[in-house]
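Read the structure below first, then the notes.
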Amino acid sequence: MKRLTVVLLLILLSCKNEAKIITEKETDTEVQTVTEMENEVDISVTEMWNNYVASNPDFKNQEIPEFDFFHNNRKDANRLAELTLHGKKQASSGLLYLYQQYNVDLPQVGTKQIITDFDGKAQAIIENIGVDTIPFHKISKDYAAMDMGTDIEPLKKWKKAHWGFFESVLVENGEKPTEEMLIVCVKFKTIWPKSK
């Protein structure tokens, strides 16, 4: 579960310029801090899921899905949560290398996730609708627009943000980024709250 959490965090922070991966080799204090953060669930997360289930009783037996925010700082995390809430951000990108390194399954179509703001307050529920593995240099303008939540130079912005993040992760592991590195491209839709 810890490895899955680490990989999901890295994927959600895909625009991040620096990555700190907590491994089993690090001190008990650091691992305890992560465990404490995982146990601190804002009440809005539970409330949002309960409201979703009340309107969609077919999901009453499902456990509350994973929850987290995009990016690594308050301003960007809150901006991306807002874009997700309004259906403008519809994708996220991860490095296949990380899935392989941590021996974690790729995201699955149909998986739900609660997106929070930087403070952990629930903003939206998303559901994966497509998962592909694509070389970095073959990412399309349309996909970049879905991931970045903008149609203003989306591919240029996507490449700049993601190259920097992927480079930092790879360098930490003695690797180098390449134009051929494989990206796990997850397309999703915002399913809650319902559009007005």
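The values are calculated or read from the model by the stated rules, or taken from the named source; none is laboratory data. All values derive from a computational prediction rather than experimental measurement. Cβ coordinates were reconstructed from backbone atoms using ideal geometry, including for glycine residues, and neighbour counts include every protein chain displayed. Only protein heavy atoms, including side chains, enter the accessible area calculation; ligands, DNA and RNA are left aside. Shrake-Rupley method; radii C 1.70, N 1.55, O 1.52, S 1.80 Å.
Side notes on the structure shown:
- Close contacts from segment 59-85, counting a first residue that is of a type in the set (Lys, Arg) and a second that is open to solvent by 30 Å² or more (accessible area, probe 1.4 Å), with Cβ to Cβ under 6 Å and a gap of 6+ residues or different chains, come to Arg74/Phe118.
- Residue within segment 127-147 that is closer than 17 Å to Ala161 by Cα, of a type in the set (A, V, I, L, M, F, W, C) and in a loop (DSSP other than H, G, I, E, B) present: yes
- Lone unmet requirement of (1) open to solvent by less than 70 Å² (accessible area, probe 1.4 Å); (2) in contact (Cβ under 8 Å) with a residue 40 or more places away in the chain; (3) closer than 30 Å to Met48 by Cα for Gly110: (2)
- Considering only residues in segment 51-99 that are basic (Lys, Arg) and open to solvent by 70 Å² or more (accessible area, probe 1.4 Å), the one that is nearest to Leu155 (Cα to Cα) turns out to be Lys88.
- On the stretch given as segment 178-196, residues that are open to solvent by less than 40 Å² (accessible area, probe 1.4 Å) and closer than 15 Å to Leu98 by Cβ total 5.
- Leading residue by the ranking (surrounded by the fewest Cβ atoms within 10 Å (Cβ to Cβ)) among those in segment 151-177 that are outside any helix (DSSP H, G or I) and in contact (Cβ under 8 Å) with a residue 60 or more places away in the chain: Asn173
- Members of segment 121-136 found to be touching a Lys or Arg at 6+ places or on another chain (Cβ under 9 Å) and either under 22 Å from Gln62 (Cβ atoms) or small (Gly, Ala, Ser) (or both), listed by number: Ile125, Ile126, Glu127, Asn128, Ile129, Gly130, Val131
- A single entry from Ile115, Ile126, Ile139 fulfils the requirement of being over 14 Å from the mean Cα position of the chain (by Cα) and buried (at least 19 other Cβ atoms within 10 Å of the Cβ): Ile139.
- Top-ranked residue in segment 115-146 [being without any contact (Cβ under 8 Å) to a residue 40 or more places away in the chain and touching a helix residue (DSSP H, G or I) at 6+ places or on another chain (Cβ under 7 Å); ranked as farthest from Pro193 (Cα to Cα)]: Lys141
- One residue stands out among those in segment 178-196 that are of a type in the set (Lys, Arg) and assigned to a strand (DSSP E or B): the one that is farthest from Ala124 (Cα to Cα), which is Lys187.
- Single condition Cys15 does not satisfy, out of (1) surrounded by 12 or more Cβ atoms within 10 Å (Cβ to Cβ); (2) at pLDDT 50 or above; (3) part of a loop (DSSP other than H, G, I, E, B): (2)
- Residue among Val34, Val109, Val104 that is modelled with pLDDT under 95, of a type in the set (A, V, I, L, M) and assigned to a loop (DSSP other than H, G, I, E, B): Val104
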